[in-house]
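Only one structure is covered here, and it is reproduced in the block below.
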Amino acid sequence: MNQDLDIHLLKTAIYEAASTIKELKEGVQVFSKQHEVDLVTEADLKSEEILINAITKHYPNDGIISEESETINPDSNRTWIIDPLDGTVNYANNIPQVAITLMLLENNQPTQAYVLDIYKDVLYEGYKGQGAYKNGEELKIFKNTTMQKAIVATGFPYDRVHNSNHYMKTFEAVLQSCGGVRRFGTAALDVCWIADNKFDAYFEFFIKPWDTLGASLILEEAGGKVIDQNGGFPSLESNLIIASNNLIHQEFKGIVLSNIDESLDNRL
Ligand code: IPD
Ligand code: CA
């Protein structure tokens, strides 16, 4: 692994953010955002502050897009993307499936990414053209599977409370075609777990770039495949993510794309 990558200067900060999230857990205050079921906690905000401070200290001219804040330096051609706490609903309910994502976009291309599984203390890393790593060891997909046996992870957008019917057609088609569906509530780990030979595929509508863009780079570098609704690698504008171990990519993509409810036609 190339040791000179910019993201390495931020490694201490991501571990500091993770410790803070764990320390704040007891009695943490939980607030709702736009949707009643979309939560934010003091820990999301504190983790974000630690990461933004570290980026602005080392790279003051770079842009930053972070879930709970306004964009910083929006015109920069280098932009850090932060999800300070992925799995806030898990965290607020004592479910230890929680991650932090930190990644760098250069000229709109993801080039360096960390996804830290906070409670298992596993750091996933991905570097464009330079591989994927799990706690410093090279990560490669070796799991062999068929669509009928595949374990598929997914999640639902927060508007599911009112629009659950928009998502059922795709969900049902996937349910009928695979070995099992899992909904673990932390999208970055859902995608990293394909790279880590646990899940075989993942799809989700209207997931935000901070949730899966970093994990998508890690997955592709481990040998997987990730596309959005237009068929290319995801971008800041993607509205549907389809990820897989590559072996079942064509079949899985076909099942998802041919079973999208027409109510979503003008939203994708
Ligand atoms: C959420 C999680 C969840 C996914 C939601 C995301 P957050 O992220 O990744 O798995 O289904 O769509 O919003 O809000 O906990 O950072
Ligand atoms: Ca989050």
Selected from A188, S32, N107, residue furthest toward positive end of dipole (the chain; charges at beta carbon): A188
Accessible area in the full protein assembly, largest first, 1.4 Å probe, for F203, F233: F233, F203
The chain: most fluctuating residue of V30, V98, V115 per GNM, C-alpha cutoff 10 Å: V30
Convex hull (Cα only) mean projected area of segment 60-208, reported in nm² to one decimal: 10.6
Cα coordinate range in segment 1-85, projected on the principal axes (Å, largest first): 39, 28, 21
About the Cα centre, charge dipole magnitude for the chain (Lys/Arg +1, Asp/Glu -1 at Cβ), debye: 780
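Can you send over the carbon and sulfur percentage of the accessible area for the chain, probe radius 1.4 Å, protein chains only?
On the way: 5460 of 11850 Å².
The computed percentage sits at 46.
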Segment 241-268 residues near the modelled E172 label - backbone nitrogen below 20 Å, point 7 Å along Cα→Cβ: 252-266
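Could you give the dipole magnitude of segment 113-267 about its Cα centre, charging the beta-carbon of Lys and Arg +1 and that of Asp and Glu -1, in debye to the nearest 20?
Values: 15 positive and 20 negative charges, 61 e Å.
Dipole magnitude for segment 113-267 comes out near 300 debye.
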Label-reachable residues, segment 29-66, where backbone N falls under 20 Å from a point 7 Å from N77's Cα toward its Cβ: 59-65
Stokes-Einstein translational diffusion, segment 168-227 - Kirkwood Rh over all Cα pairs, 0.890 mPa s, 25 °C, in µm²/s: 204
D6 - accessible surface, heavy atoms, 1.4 Å probe, Å² rounded to 10: 40
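Taking a quarter of the surface of the Cα convex hull of the chain, what do you get in nm²? Before the final figure, lay out the partial values.
Working: hull surface 53.2 nm².
About 13.3 nm², averaged over all directions.
Using the structure shown, list the pairs from K46/K120; K22/K169; K198/K253; K46/K225 with a Cα-Cα distance above 26 Å, or answer none.
Working: K46/K120 20 Å; K22/K169 38 Å; K198/K253 19 Å; K46/K225 33 Å.
With Cα atoms farther than 26 Å apart: K22/K169; K46/K225.
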Fully extended contour minus Cα-Cα distance, from L9 to D121, at 0.36 nm per residue: 38.4 nm
Mean Cβ neighbour count within 10 Å, used as a protection proxy, ranking 245-253, 32-40 highest first: 245-253, 32-40
Farthest toward positive dipole pole in the chain [+1 Lys/Arg, -1 Asp/Glu at C-beta], among V122, N197, N94: N197
Full-stretch length increase - T56, S258 - with 0.36 nm per residue and alpha-carbon distance subtracted: 68.3 nm
Point-to-point label distance, S69-N239, nm (Cα→Cβ direction, 7 Å offset): 3.0
Ranked by how many other beta carbons lie within 10 Å on average, peptides 87-96, 160-169 from highest: 87-96, 160-169
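The values are calculated or read from the model by the stated rules, or taken from the named source; none is laboratory data. These numbers come from a predicted model, not from an experiment. Neighbour counts are summed over all protein chains in view; Cβ atoms, including those assigned to glycine, are modelled from backbone coordinates with ideal geometry. To get the accessible areas, we keep the full protein, side chains included, count just its heavy atoms, and leave off ligands, DNA and RNA. Shrake-Rupley method; radii C 1.70, N 1.55, O 1.52, S 1.80 Å.
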